[in-house]
Amino acid sequence: MRFLLMVGAVASMVACSGRSGPVTGDISEACLAADRRAASPELCSCVQQVANQTLSGREQARAATFFEEPQLAQDTRQSDRPADERFWDRYRSFSDLATEICQPVNA
């Protein structure tokens with residue numbers, strides 16, 4: 001139930017985001033700087049909005065490093081440190097939700 005409420009809140013926020021321009025932050029800046037083919041200001045703004053709802057500022061800064069150095073994500077995922085494991089759980093939840101909400105629907 002909590003997940004459904006979060007999805008609804010974020011989806012509503014994303015639907016209204018076009019009125020005030022793109023949302024920026026560590027995640028959206030890293031997303032755009034990574035220069036991946038699918039990256040766009042709209043997509044990166046959406047991902048940033050999900051990050052704002054699911055990750056702390058410190059966690060966002062850490063996650064942003066994964067765009068430039070994917071090996072850091074792998075190292076974090078494989079770490080046995082309890083703090084890394086807790087962060088990875090929150091990061092995966094963020095990533096899964098951003099994928100679900102921000103991925104364009106194929107018509």
Select from segment 48-107 the residues that are of a type in the set (K, R) and out of contact with any Leu (no Cβ under 9 Å at 6 or more places or on another chain) and list them in ascending order.
R58, R77, R81, R86, R92
Hey, could you check segment 61-107 for residues that are within 16 Å of T24 (Cα to Cα) and modelled with pLDDT under 95 and say which is surrounded by the fewest Cβ atoms within 10 Å (Cβ to Cβ)?
C102
Residue under question is R58, and the condition is that it be out of contact with any strand residue (DSSP E or B) (no Cβ under 9 Å at 6 or more places or on another chain) and either surrounded by 11 or more Cβ atoms within 10 Å (Cβ to Cβ) or modelled with pLDDT of 95 or more (or both); does it hold?
yes
Against the definition (at pLDDT 90 or above and either surrounded by 12 or more Cβ atoms within 10 Å (Cβ to Cβ) or not β-branched (V, I, T) (or both)), how does L5 come out, yes or no?
no
Those residues of segment 75-100 which are over 10 Å from the mean Cα position of the chain (by Cα), hydroxyl-bearing (S, T, Y) and under 26 Å from A38 (Cα atoms), in sequence order
T76
Select the helices (runs of 4 or more DSSP H) contained entirely in segment 18-83, then report the ones holding at least 2 residues which are in contact (Cβ under 8 Å) with a residue 40 or more places away in the chain and touching a Pro at 6+ places or on another chain (Cβ under 8 Å).
none
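The values are calculated or read from the model by the stated rules, or taken from the named source; none is laboratory data. Since we're looking at a predicted model, the values are computed, not measured. Glycine gets a Cβ as well: all are built from the backbone with ideal geometry, and neighbour counts include every protein chain shown.
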